[in-house]
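Visitor: My questions all concern the structure below.
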Amino acid sequence: MISKIIHIDMDAFYASVEQRDNPELRGKPVAVGGSSKRGVVAAASYEARQFGVHSAMPSVVAARKCPELIFVKPRFDQYKKVSLEIRAIFNDYTDLVEPLSLDEAYLDVTTNKKNIPSATIIAKEIKQRIKQKTGLTASAGISINKFLAKTASDLDKPDGLSVILPDEAEAFVEKLPIHKFHGIGKVTAKKMNRLGIYTGKDLKNWSEANLIKRFGKMGGYYHKIASGQDDRKVNPNRIRKSISSEDTFEEDLTGMEEMMEAIAGIAENVHGWMEKNQVFGKTLTVKIKFSDFRQITRSKTSPNPITDLDTMIKTAGELLATLDTNNIKVRLLGVGLSNLTRPDENPGGQQLTLEF
């Protein structure tokens, strides 16, 4: 049976929620994030994107590109609330929902609760219901696997709906520019361009062995998607591989005391997510970015997952203590956990540990 996969991607989600909740922001360029000299844009409205403003851009650069840009502080509790409303709509059609973030998810509707034979009809219904329930627009991509569905959802944003039919998949991928492939970032795309790979057809001409030689284990994935193939299943129980939080400071930190005060607050953010989701990790990583933009990480893996905040802070402090903190200036600190697990998956250990 051919799978029917839908990828739903909310349009400029954070910024759209802010514009919905504050009529004065509608139709104006909005950036969600801090406006300070060290701030970073978390999301940009489509009005702001027309000026070249995008997520992860330093706020000072965004303000320079768009002098009329309005900065709004993020309200993640509100975004989570709206996301859950949208998730409830998905669950009316299928239990096979794999959230990727608050604003996007895969749905497998090959068989579905409403017995609707057309995935396109389901996607249209979902878009309409999201609009009615939340006042927000979503873009949808429909195809036979996750890679193609994700690619399709990006074709006609905002408020788009695109379908890549089974018999169109291979030809579509052959014509697709390499920088539009999901899973191929800017750096990899440039490397591929240097090798003469500009389209899916060019990529398809490379053997799997040569792609692995050039790009490591991802070479196997690139070889498959070059033919429009993707055997990854929609996994509703997917556990995140890591959780992290970081902070960029208004003024550079100097000395261990300032760094420990900051790291404690960042660790608290990570621990709050862990407690709420009952997911813990074995490896804790500290990320440090210096004033000259050099960046390093230090990690420590424990035999059992870490569950308590005090242990997190103590472990982070031990990692910071491995640095020579004399005469250094720190502009960013981050704390992360990886090797995530749930308590019921760890019957042999009561005490949990962290990983980034």
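Visitor: Over 18 Å between Cα atoms: which of Lys124/Lys150; Lys157/Lys190; Lys190/Lys233; Lys217/Lys300; Lys180/Lys204 fall into that group?
Guide: From the list (Lys124/Lys150; Lys157/Lys190; Lys190/Lys233; Lys217/Lys300; Lys180/Lys204), the Cα-Cα distance tops 18 Å for Lys157/Lys190; Lys190/Lys233; Lys217/Lys300.
Visitor: OK, next. Would you give the gap between the C-alpha center of the range 151-192 and the C-alpha center of the range 285-331, rounded to a whole Å?
Guide: Rounded to whole Å, the Cα centres lie 38 Å apart.
Visitor: Would you mind checking which residues have amide H under 5 Å from Leu100's amide H? H placed 1.01 Å from N; only 5 or more apart, or other chain.
Guide: Ala105, Tyr106
Visitor: In the range 1-133, how does Rg compare with the Kirkwood Rh, expressed as the Rg/Rh ratio over alpha carbon atoms?
Guide: Reported Rg/Rh, Kirkwood definition of Rh: 1.07.
Visitor: Just the number, please: Stokes-Einstein D of the chain in µm²/s, Kirkwood Rh from C-alpha pairs, 20 °C, 1.002 mPa s.
Guide: 95 µm²/s
Visitor: Now for a different question. Go through the range 129-135 residue by residue and turn each phi into a ³J(HN,Hα) via Karplus (6.51, -1.76, 1.60, θ = phi - 60°); whole Hz please, and just put x for glycine and proline.
Guide: 5, 4, 4, 5, 7, 10, x
Visitor: Let me ask another. Using Cβ counts within 10 Å as a stand-in for footprinting exposure, how do Lys186, Lys113 rank, fewest first?
Guide: In increasing order of surrounding Cβ atoms, one gets Lys186, Lys113.
Visitor: Enumerate the whole-percent occupancy of each 5 Å bin, from 0 to the last occupied one, for all C-alpha pair distances of the range 242-345.
Guide: With 5 Å bins starting at 0, P(r) equals 2, 13, 27, 24, 16, 10, 5, 2, 0, 0.
Visitor: Considering all alpha-carbon pairs of the range 59-116, what whole percent are spaced by more than 19 angstrom?
Guide: 51 percent
Visitor: Same structure, new question: For the range 240-281 and the range 1-80, what is the centre-to-centre distance using only Cα atoms, to the nearest Å?
Guide: 24 Å
Visitor: Rank the residues Trp273, Trp206 as a footprinting-exposure proxy: fewest other Cβ atoms within 10 Å of their Cβ go first.
Guide: The most exposed by this proxy come first: Trp273, Trp206.
Visitor: Additional query: Could you name the lysines in cross-link range of Lys276, using Cα to Cα under 19 Å and dropping any fewer than eight places away on the same chain?
Guide: Lys80, Lys81, Lys241
Visitor: Taking the beta-carbon count within 10 Å as an exposure proxy, list Met1, Met256, Met57 from fewest neighbours to most.
Guide: By the 10 Å Cβ count, ascending, the order reads Met1, Met256, Met57.
Visitor: May I ask you to evaluate 6.51 cos²θ - 1.76 cosθ + 1.60, the Karplus curve with θ = phi - 60°, for each residue of the range 243-257 and list the ³J(HN,Hα) values in order in whole Hz, giving x for glycine and proline?
Guide: Taking θ as phi minus 60°, the curve returns 9, 8, 9, 8, 9, 9, 9, 4, 10, 4, 8, 9, x, 5, 4 Hz for the range 243-257.
Visitor: Hey, another quick one. Which cross-chain or sequence-distant (5 or more) residues have an amide H under 5 Å from the amide H of Val41, H modelled 1.01 Å from N in plane?
Guide: Distant-sequence amide H within range of Val41: Ala56, Met57, Ser59.
Visitor: Compute the projected area of the convex hull of the Cα atoms of the range 168-225, averaged over all viewing directions, and report it in nm² to one decimal place.
Guide: Seen from a random direction, the Cα hull of the range 168-225 projects 3.4 nm² on average.
Visitor: Another question, if that's okay. Report ³J(HN,Hα) in whole Hz for each residue of the range 13-22, in order, from the Karplus equation J = 6.51 cos²θ - 1.76 cosθ + 1.60 where θ = phi - 60°; Gly and Pro get x.
Guide: Coupling constants for the range 13-22: 3, 4, 5, 5, 5, 5, 5, 5, 7, 10 Hz.
Visitor: Where q = 0.24 Å⁻¹, what log10 of I(q)/I(0) comes from the Debye formula for the range 30-78, counting one point per Cα?
Guide: Debye curve over Cα of the range 30-78, log10 I(q)/I(0) at q = 0.24 Å⁻¹: -0.74.
Visitor: Further question on the same structure: Taking the Cα centre of the chain as origin and charging only Cβ (+1 Lys, Arg; -1 Asp, Glu), how large is the dipole, in debye to the nearest 20?
Guide: 1020 debye
A short reminder: the numbers here are calculations on the coordinates, not readings from a lab. Since the structure is predicted, the reported quantities are computational estimates derived from the model, not experimental observations. Don't worry about glycine lacking a Cβ; one is built from the backbone with ideal geometry, like all the others, and counts go over all protein chains shown.
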